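Each remark here refers to the structure printed beneath this line.
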Amino acid sequence: MKRTEIKDALQSDNFEVEMKVMGWVRTKRSSKNVAFIALNDGSTIHNLQLVIDLEKIPEENLANVHTGSALSASGRLVPSAGSGQRVELAVEHLELLGEANPDEYPLQPKKHSLEFLREKAHLRFRTNTFSAITRVRHAMIFAIHKFFNDKGYFNIHTPIITASDAEGAGEMFQVTTLDLNNLPLNDDKTVDFKQDFFGRAANLTVSGQLEAELAALALSKVYTFGPTFRAENSNTSRHLAEFWMIEPEVAFFDINDDMDLAEEMLKYLISYALEHCADDLAFLAKRLEEEEKNKKAEEKSMELISKLRFVLEQPFERITYSQAIEILKNSNHNKKGKFSYPIEKWGADLQSEHERYLVEKHFKRPVILTDYPKEIKAFYMKQNDDGLTVRAMDVLFPGIGEIIGGSQREERYDKLLQRMNEMNIPQETMWWYLETRKFGTVPHAGFGLGFERLMLFVTGMGNIRDVIPFPRTPQNCEF
Ligand code: 4AD
Ligand code: MG
């Protein structure tokens, strides 16, 4: 007999034929004549209730069935007598596929802390929370490709190993096959990378943007969706050393087109989640409500589903960095010294506390900030005529801060070269990038969406380590 997935079994009205299900036991309870097992196979958040008549199947057969064991069960689907489920399976045959000794199996049918589950990342997929997150994550990956495909974008794979630093921030992981205990040295005692695998120093990429630009300057509309790596030592709930980024890059776009695309895409993804992940989001909403029970009213975040709907309905506020600085500088929050980094003058880099103040307290909706000081942004951004600012745009979200960072690109050869020199960006590793400004250069723009930041927002989870299966953070590379 072929296996029926629990998702399908739960929706079936076919009470005549026998069906077989397989999965992992969430709970087992038995009384004198009957035992109940909640079985889950990951196809849905919901369990199928197995009903076992102990006169037909002796209780000894269930002795090794515990939370975490794997079972195959066949029988007929029947309308459920109990509340809580529409149908259940009246079991005729039961086979134990894999035991889980209750004295050793770490997951018990009770609430485990997220911190505890991070230490059990190999098993946490089996909890409701992580299976829900995993399904939502899949739906968002699919929706991202669908969004761009439907709009005629081409997906390109950009390299993971690279010799250039796209963001110029120097936060890269080095890739080498040199023997670190016996490094080949130049006369001046620096490492001789000519002897390394690529004949030069190489790193893991921080962004696929530069290569995406090359493709956009031929195919017009492209996007990447790949892993990116940052060796920044920030142990926050919003930073990973390895995360996934979606980077559209579009020829003939200016910064306004770029903002329109970012807003449209975020709204598309949120409404896709509401439409296609209703059961998982309902579960995650309840989880969040539980978690926030003990918080003070003013610290509570909005109910998850309402928050997602709310963002869909609001046009994002678009203001310049300079306007934002005025708002922040004059805010009571700033005057009362409530920011860890007080805003004193134009030029300050914005911290996530400032971003969240603008979004959550001041505008009460997502905000897109544009035209940042050139000093705090990357070399490739288009310079404004004021000589002070660049055509950057960051999308700020409630509870998250920056979710998207992007810009119109500097398409003028001389301006780009001058900025690269000012910022000590080595031309010898970037000559190919400069050449695109010599041959058929056009205005273009793009952005990067941090996939796990999107996942934080959509799932209502509070820590980025819980929305990626195997988080990579400083001092943490276990699984
Ligand atoms: O603002 P960032 O650094 O922009 C770029 O990398 C550009 N090259 C993108 C582009 O224009 N094509 O990063 C983009 C986004 C951020 O807004 C944030 O959502 C996410 O990537 N991000 C991180 N997410 C998790 N952990 C980290 N350490 C992150 N750093 C950035
Ligand atoms: Mg950024």
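Below, the figures for the structure above:
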| item | result |
| --- | --- |
| Enumerated helices (runs of 4 or more DSSP H) restricted to segment 295-349, each holding at least 1 residues that are in contact with a helix residue (DSSP H, G or I) (Cβ under 9 Å, 6 or more places away or on another chain), within 28 Å of Val136 (Cβ to Cβ) and open to solvent by 60 Å² or more (accessible area, probe 1.4 Å) | 304-313 |
| Test result for Leu217, crowded, with 16+ Cβ neighbours inside 10 Å, within 16 Å of ligand 2 (Cβ to nearest atom), assigned by TED's automatic domain parsing to the domain that holds Met423 and touching a residue at least 24 places away in the same chain (Cβ under 8 Å) | no |
| Residue match in segment 364-372 (condition: away from ligand 2 (no atom under 15 Å from the Cβ) and under 19 Å from the mean Cα position of the chain (by Cα)) | yes |
| Filter pass, Ala166 being hydrophobic (A, V, I, L, M, F, W, C), in contact with a helix residue (DSSP H, G or I) (Cβ under 6 Å, 6 or more places away or on another chain) and more than 30 Å from Val467 (Cβ to Cβ) | no |
| Residue in segment 170-187 that is touching a residue at least 40 places away in the same chain (Cβ under 8 Å) and either more than 27 Å from the chain's Cα centre (by Cα) or surrounded by 20 or more Cβ atoms within 10 Å (Cβ to Cβ) (or both) present | yes |
| Residue check for Val395: over 25 Å from Leu456 (Cα atoms), touching a helix residue (DSSP H, G or I) at 6+ places or on another chain (Cβ under 6 Å) and either within 16 Å of ligand 2 (Cβ to nearest atom) or among the small types (Gly, Ala, Ser) (or both) | no |
| Positions within segment 193-214 being more than 13 Å from ligand 1 (Cβ to nearest atom), farther than 13 Å from Gly168 by Cα, touching a strand residue (DSSP E or B) at 6+ places or on another chain (Cβ under 6 Å) and open to solvent by 10 Å² or more (accessible area, probe 1.4 Å), in sequence order | none |
| Members of segment 232-278 found to be away from ligand 2 (no atom under 16 Å from the Cβ), hydrophobic (A, V, I, L, M, F, W, C) and within 19 Å of His138 (Cα to Cα), listed by number | Met265, Leu269, Ile270, Ala273, Leu274, Cys277, Ala278 |
| Condition broken by Ser407, with the remaining ones in (1) away from ligand 2 (no atom under 12 Å from the Cβ); (2) under 19 Å from Ala212 (Cβ atoms) satisfied | (1) |
| Residues (out of contact with any Gly (no Cβ under 9 Å at 6 or more places or on another chain) and surrounded by fewer than 17 Cβ atoms within 10 Å (Cβ to Cβ)) located in segment 350-361 | Lys361 |
| Subset of segment 442-459 (residues that are open to solvent by less than 10 Å² (accessible area, probe 1.4 Å), more than 9 Å from ligand 1 (Cβ to nearest atom) and not β-branched (Val, Ile, Thr)) | His444, Met455, Leu456, Phe457 |
| All positions within segment 117-169 that are among the small types (Gly, Ala, Ser), crowded, with 16+ Cβ neighbours inside 10 Å and not in a helix (DSSP H, G or I) | Ala121, Ala163, Ser164, Ala166, Gly168 |
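Rundown of residues vs (1) within 15 Å of ligand 1 (Cβ to nearest atom); (2) on the phi > 0 side of the Ramachandran plot; (3) part of a helix (DSSP H, G or I); (4) among the polar types (S, T, N, Q), yes/no style:
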| site | (1), (2), (3), (4) |
| --- | --- |
| Asp386 | no, no, no, no |
| Arg391 | yes, no, no, no |
| Asp394 | yes, no, no, no |
| Ile404 | yes, no, no, no |
| Glu411 | yes, no, no, no |
| Lys415 | no, no, yes, no |
| Met420 | no, no, yes, no |
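The values are calculated or read from the model by the stated rules, or taken from the named source; none is laboratory data. This is a predicted model, so every value here is computed, not measured. As a convention, Cβ positions derive from the backbone with ideal geometry for all residues, glycine included, and neighbour counts pool all protein chains shown. SASA here: full protein model, heavy atoms, side chains in, ligands and nucleic acids out. Shrake-Rupley method; radii C 1.70, N 1.55, O 1.52, S 1.80 Å.
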